[in-house]
Amino acid sequence: MSCTPDSLPTTWQVPDYEVQVFHPKRTRYCIGIPIINEGERIRTQLAEMYEQGLPDQADVILADGGSNDGSTAADVLEPVGVRTLLTKRGPGKLSAQLRMLFAYGLCEGYDGFVLIDGNGKDGVEGIPQFLEAMSEGWDYIQGSRYIPGGVERNTPLSRKLGVKFLHAPLLSIASGTRYTDTTNGFRAVSKAFLEDARLQPFRDVFDTYNLHYYLSLMAPKLGYQVKEVPVRREYPDSGAIPSKIKGLSANWHIMQLLFETVIGRYTPKEVDKSSETPS
């Protein structure tokens, strides 16, 4: 079966995308990497993952937002073990890329997803601990640089303060579980959690960064097993910050999405607000 947009459930709202498969499915879990014009950063990251044997532990799938910098050419991706390149053609940004990734991965039969940014900031050596946690039954695993064993380097002060004193506390209160690093895209989610009918992640309302926040909120609220694991996140010593979130308007947008998430704007009306056990 070809897991193209036409083969997905009609109730799922997923942006149109193209599929390019380089290798057959081999593993139970996959590593999903959302990218757009990451250039040498994603090339270096994929080479490092390949050297550590990570494509043998979990299939690597790129969720591209429409790169035009040559970083997604077949002769770049195939030799370093990338299994599939998904290229979004429909509207939306990061959350749309994630919906595309989740839809394809569930259609392909993966039991879970390790998510890691493609901008080279995250320590790929941490990927196996997410795979192990999912195999142990954890459904939502959040990477954190702020717990014992975690490493941060050159984190912009505004971001560090925002996470520690606003973003993480608000999501912790709203979800009923303690988080320390909620803007960190290094995380893992299980098939069981994504397919829970009460979650409904395949909605066009998840467009930019809100799907990440929504998943953090809903995993504990729906009774799934949640934990944090230590990870490494390093910003470069100099030069431009590798991030799509830049400027006052972008940061204000992030705060709007956070507030909308914690007040329940995206939570389906039929979901009981009290804690529930997965069926």
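The values are calculated or read from the model by the stated rules, or taken from the named source; none is laboratory data. Keep in mind it's a predicted model, so treat the numbers as computed, not measured. Heads up, the Cβs are rebuilt from the backbone with ideal geometry, glycines too, and the neighbour counts pull from every protein chain shown. Ligands, DNA and RNA are excluded from the accessible area calculation, which covers all protein heavy atoms including side chains. Shrake-Rupley method; radii C 1.70, N 1.55, O 1.52, S 1.80 Å.
Scan region 142-156 and tell me whether some residue there is among the hydrophobic types (A, V, I, L, M, F, W, C) and assigned to a helix (DSSP H, G or I). If you could, list the steps in order and put the result at the bottom.
Filtering region 142-156 for residues among the hydrophobic types (A, V, I, L, M, F, W, C) gives 147, 151.
So of that shortlist, the ones also assigned to a helix (DSSP H, G or I) come out as none.
No, region 142-156 contains no residue that is among the hydrophobic types (A, V, I, L, M, F, W, C) and assigned to a helix (DSSP H, G or I).
Would you say residue 159 is open to solvent by 10 Å² or more (accessible area, probe 1.4 Å), of a type in the set (Lys, Arg) and not in a helix (DSSP H, G or I)?
Numbers: open to solvent by 10 Å² or more (accessible area, probe 1.4 Å): yes; of a type in the set (Lys, Arg): yes; not in a helix (DSSP H, G or I): no.
No; evaluated as a whole, the condition is false for this residue.
If you go through region 70-121 one residue at a time, how many are more than 22 Å from residue 41 (Cα to Cα), open to solvent by less than 20 Å² (accessible area, probe 1.4 Å) and in a loop (DSSP other than H, G, I, E, B)?
2
Going by the structure shown, is residue 125 in contact (Cβ under 8 Å) with a residue 40 or more places away in the chain and of a type in the set (D, E, K, R)? Full working, then the answer.
Details: in contact (Cβ under 8 Å) with a residue 40 or more places away in the chain: yes; of a type in the set (D, E, K, R): yes.
So residue 125 fits the description; yes.
Which condition number in (1) aromatic (Phe, Trp, Tyr); (2) touching a residue at least 40 places away in the same chain (Cβ under 8 Å); (3) not in a loop (DSSP other than H, G, I, E, B) is the one that residue 12 fails?
The failed condition is (3).
Filter region 122-151 down to the residues that are acidic (Asp, Glu) and within 21 Å of residue 213 (Cα to Cα), then identify the one that is least open to solvent (accessible area, probe 1.4 Å). Spell out how you get there, then give the answer.
Filtering region 122-151 down to residues acidic (Asp, Glu) leaves 122, 125, 132, 136, 139.
Subsequent filtering for residues that are within 21 Å of residue 213 (Cα to Cα) retains 122, 139.
Working: 122: 7, 139: 23 Å².
Result: 122.
Check 110, 50 and return the single one that is among the aromatic types (Phe, Trp, Tyr) and under 18 Å from the mean Cα position of the chain (by Cα). So that I can check it myself, show each step before the final result.
Details: 50 fails: under 18 Å from the mean Cα position of the chain (by Cα).
Exactly one of 110, 50 is among the aromatic types (Phe, Trp, Tyr) and under 18 Å from the mean Cα position of the chain (by Cα), namely 110.
Just need a number here: residues in region 162-179 that are crowded, with 18+ Cβ neighbours inside 10 Å and either touching a strand residue (DSSP E or B) at 6+ places or on another chain (Cβ under 7 Å) or closer than 20 Å to residue 137 by Cβ (or both).
Summing the residues that are crowded, with 18+ Cβ neighbours inside 10 Å and either touching a strand residue (DSSP E or B) at 6+ places or on another chain (Cβ under 7 Å) or closer than 20 Å to residue 137 by Cβ (or both) in region 162-179 gives 3.
Residues of region 173-198 being in contact with a Leu (Cβ under 7 Å, 6 or more places away or on another chain) and farther than 15 Å from residue 115 by Cβ, which ones?
Residues satisfying the conditions are 174, 175, 179, 195, 196, 198.
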